[in-house]
Ligand SMILES: Nc1ncnc2c1ncn2[C@@H]1O[C@H](COP(=O)(O)OP(=O)(O)OP(=O)(O)O)[C@@H](O)[C@H]1O
């Protein structure tokens, strides 16, 4: 294991990342994300119940038993082949060192480290421990014997004096502790704390680099709490990698918790319409967009059915949601059904519901979309995909204003406003005999045509600004902008995927590029770029692209896949196969 890590260092590859995991779940996340090794330190257990790592130094229980529990229940079952390094408390008077080390090897541990360590203790108590042989001397002996037994040896060190003592037994790697990780900094203290920690680490590294055995140098703890901090550390100190506990565990949980709380607070602040677009969220000042908005505002208050026509991704669903939202039905449900996505045999049950036992597989009563939308609005998306039989059934419901569940007898009175969306011209389909004319006339009291983006290029700058703000907020990164060349490329593109495609291009640039000014280096409108079919697009994305995207999306696979224009499935498949095509 150590040889492989040393090769990684000498090859100037990515830094070594060792994760001290307190739960199986954290181990899984770390393995998934490409960590190099897992540390089993009883500190993880304390963190998982809400205490700081320091609690693992106190006499709450037997540290070695706690580590054993953590190893067996959480870390080894989730290591998936990754090397595991276990902490051993060498000063435990009850421990038989040789037996303990043989046992750890037998259960699959590949290396050991001195944790909990007396290095954290100073003053009178440390002196007393040293006198009793329970100080660093016992830890040096632990690692010496572990090395003899073929286990990799990692020394946690907090001072230069301790470091020199471990050097006598030529340990394989040092984990330099840079102090406790603060939960938060007082305003203005952050940069000073980082600089002073980097200074301390550099002093330790100077001593380490002079050792003839060329041990690995990792850093643990200290004021480094995010990737930018580590980036500064790597630039300013010649270390080989990082080992971390709370920094890996706390941050994601913290982000999830605070995002969730924030969103819940926003729910109360904005009322029940959160799901629906607000008037100001529909971006666009072009004449075409203004005209569309004027039609929406005009038809919304009247209880008429509307057909919305437009190419894919132009904002048909958004327009439908806005009609509902500014109509008198806004306090009732807005229900959507994608007619194209439902197998023909199930469409009636989906629309009208069914009674229990009405057909094989109907083991429960199901309420249909019409009933769910009663007193509200029902959006039938991709209406042109309805089969002739489904068209007849739909027409009947619209005419009779009632619905009977499949397999049921009782008609249920309906008061539903229907909005139908389509990316084909229904009038043309009627002419071609592919759509019933009587149904068409029932649905299309008003037809709203949403223009494609290439016919309203004036809207592009506003849309870009809106999507830059949205993407930065979603990724939790500082404000973004684009440079002039990218702007020109966007203006030249023909946007077959319309606004959805533009949104995706911005998100992809934000994730794949460094820095706050996006240059659109991954966007090639002339050679196809985002116009590529999903299959061609998947072929173009390399594993390196995926790694970069994942890193920028904070490991969120869905966000990374969306930004790359590939499915999560393709993303997984490429990562597993490692194909760089
Ligand atoms: N004018 C606009 N301002 C801001 N965002 C928009 C606008 N129009 C569309 N969008 C966004 O673009 C995306 C696609 O819009 P929507 O789903 O409404 O398109 P659609 O025409 O219904 O697509 P499809 O035909 O594929 O179902 C959505 O995320 C939507 O929020």
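What follows draws every value from the coordinates through simple rules; no lab data is involved. No experiment lies behind these values; they were computed from the predicted model shown. Note that we place each Cβ from the backbone using ideal geometry, even for glycine, and neighbour counts take in every protein chain shown.
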For n ≥ 4 DSSP H runs only, could you compute -39500 (n - 2.57) per run for the chain, divide by its residues and tell me the 222 nm figure to the nearest 500? -14000 deg cm²/dmol
Measure nothing fancy, just the Cα-based angle from helix 189-209's long axis to the longest principal axis of the chain, in degrees from 0 to 90, nearest 10. 50
What relative contact order, as a whole-number percentage, does the chain give when Cα pairs under 8 Å and 6 or more residues apart are counted? 9
proj_area_mean for segment 2-246 (convex hull on C-alpha atoms), units nm², value 12.7
Any idea what the relative contact order of segment 324-398 is, in percent, if you count C-alpha pairs under 8 Å spaced at least 6 apart? 41
Can you bin every Cα-Cα distance in segment 279-451 into 10 Å intervals starting at zero and give me the percent of pairs per bin, rounded to whole numbers? 10, 38, 35, 14, 3, 0
Using alpha-carbon coordinates, inclination of helix 498-512 to the longest axis of the chain, degrees: 10
Convex hull volume of the Cα atoms in the chain, per residue, in Å³? 205
Nearest 10 degrees, 0 to 90: helix 543-552 Cα axis against the chain principal axis: 90
Could you order peptides 463-474, 21-32 by the average number of other Cβ atoms within 10 Å of their residues, highest first? 21-32, 463-474
Can you tell me how segment 333-398 classifies by the Cα gyration tensor, rounded, prolate or oblate, using a/c under 1.5 as the rounded cut? oblate
